[in-house]
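Asks: The structure is given below, and queries will be raised subsequently.
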Amino acid sequence: MQLRELFNDFPFKAEIIPIAVQKLLNEPLDVLEDWTRAENLLLAARKILPDRPEPLVALYKIYAYSNRFAESLQVIEKTLAMTAANGQFDGGWQSMDPLNPPWKLVDDNVRCFLYSMKAIGFVYIRQGRVAEAHQILAKVLQLDSSDLVGASVLFDITSRLTDEDYEFVA
């Protein structure tokens with residue numbers, strides 16, 4: 001996988017991409033073979049592309065899959081704040097109303113915001129915080145009734161579990 005592949009869902013618009021960014025985007029990214037290098041590439045991408053959420057999304061994913069949950073949640077929160085600011089909407093998901101914009105407009109910022117909310121649910125499930133995961137995933141589905149970000153799969157898992165049924169194994 002190349003770093004460039006992280007941007008497939010959120011492609012660069014018709015913008016001129018600096019040579020340094022192009023070079024970085026062509027770097028191979030292999031979390032399984034060299035985790036530290038992958039993390040460093042993503043941190044470098046974050047410095048070069050501070051206004052793009054993709055490096056943050058990739059970082060929170062690798063942290064979550066590596067059981068680095070606190071770091072994953074911190075990066076998810078940064079992603080939520082960035083996409084809310086970029087999309088010019090309030091990032092307080094608990095009070096969001098699915099009938100008001102921006103939820104009827106599915107743009108990159110809204111989709112990334114919802115996807116990141118789903119990621120919180122995933123991390124909470126991995127931590128054994130099933131009730132909290134269920135709550136946030138229910139909100140994602142309320143805001144994303146078409147299930148464009150695929151939260152229904154995780155929601156269904158939390159619907160069948162209780163915190164007592166699920167014990168995290170590291």
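The values are calculated or read from the model by the stated rules, or taken from the named source; none is laboratory data. Since the model is a prediction, treat every value here as computed from it, not as a measurement. Reconstructed Cβ throughout: ideal geometry from the backbone, glycine too, with neighbour counts over all protein chains shown. Please note that ligands, DNA and RNA were not included when accessible areas were found on the heavy atoms of the full protein model with its side chains. Shrake-Rupley method; radii C 1.70, N 1.55, O 1.52, S 1.80 Å.
Asks: From the residues in region 139-160 that are hydrophobic (A, V, I, L, M, F, W, C) and open to solvent by less than 40 Å² (accessible area, probe 1.4 Å), which one is nearest to the chain's Cα centre (by Cα)?
Replies: Going through region 139-160, the residues hydrophobic (A, V, I, L, M, F, W, C) turn out to be 140-141, 143, 148-149, 151, 153-155, 157.
Then drop every residue that is not open to solvent by less than 40 Å² (accessible area, probe 1.4 Å), which leaves 140, 143, 149, 151, 154.
Details: Val140: 13, Leu143: 16, Val149: 10, Ala151: 12, Leu154: 14 Å.
Applying the filter and picking the extreme gives Val149.
Asks: Do we find that Leu143 is modelled with pLDDT of 80 or more and in contact with a Gly (Cβ under 6 Å, 6 or more places away or on another chain) in this structure? I'd like the intermediate steps shown before the answer.
Replies: Working: modelled with pLDDT of 80 or more: yes; in contact with a Gly (Cβ under 6 Å, 6 or more places away or on another chain): no.
Against the criterion (modelled with pLDDT of 80 or more and in contact with a Gly (Cβ under 6 Å, 6 or more places away or on another chain)), Leu143 does not qualify.
Asks: Could you check Pro50 against (1) surrounded by 14 or more Cβ atoms within 10 Å (Cβ to Cβ); (2) of a type outside the set (Asp, Glu); (3) part of a loop (DSSP other than H, G, I, E, B) and say which number it fails?
Replies: Of (1) surrounded by 14 or more Cβ atoms within 10 Å (Cβ to Cβ); (2) of a type outside the set (Asp, Glu); (3) part of a loop (DSSP other than H, G, I, E, B), only one is false for Pro50: (1).
Asks: A further question follows. Check whether at least one residue in region 14-25 is more than 27 Å from Glu132 (Cβ to Cβ), modelled with pLDDT under 85 and in contact with a strand residue (DSSP E or B) (Cβ under 9 Å, 6 or more places away or on another chain), and report yes or no.
Replies: As a first pass, look at region 14-25 and keep what is more than 27 Å from Glu132 (Cβ to Cβ): 14-25.
When the remaining residues are screened for being modelled with pLDDT under 85, the result is 14-25.
With the extra rule that they be in contact with a strand residue (DSSP E or B) (Cβ under 9 Å, 6 or more places away or on another chain), the set shrinks to 25.
Yes - at least one qualifying residue is present in region 14-25.
Asks: When you go through Asn40, Asn8 one by one, which is the residue that is closer than 22 Å to Lys78 by Cβ and at pLDDT below 70?
Replies: Unique residue meeting the criteria: Asn8.
Asks: In the set Ala84, Ala119, Ala45, which member is modelled with pLDDT under 85, on the phi < 0 side of the Ramachandran plot and crowded, with 17+ Cβ neighbours inside 10 Å? Step through it out loud before you land on a result.
Replies: Values: Ala84 fails: modelled with pLDDT under 85; Ala119 fails: modelled with pLDDT under 85.
None of the other options fit; the residue is Ala45.
Asks: Still on this model: Could you run through region 22-47 and say how many residues are in a helix (DSSP H, G or I), touching a helix residue (DSSP H, G or I) at 6+ places or on another chain (Cβ under 7 Å) and not aliphatic (A, V, I, L, M)?
Replies: Here is the first cut: in region 22-47, the ones in a helix (DSSP H, G or I) are 22-25, 35-47.
Those left that are additionally touching a helix residue (DSSP H, G or I) at 6+ places or on another chain (Cβ under 7 Å): 24-25, 38-39, 41-42, 44-46.
Checking which are not aliphatic (A, V, I, L, M) leaves us with 39, 46.
Selection size over region 22-47: 2.
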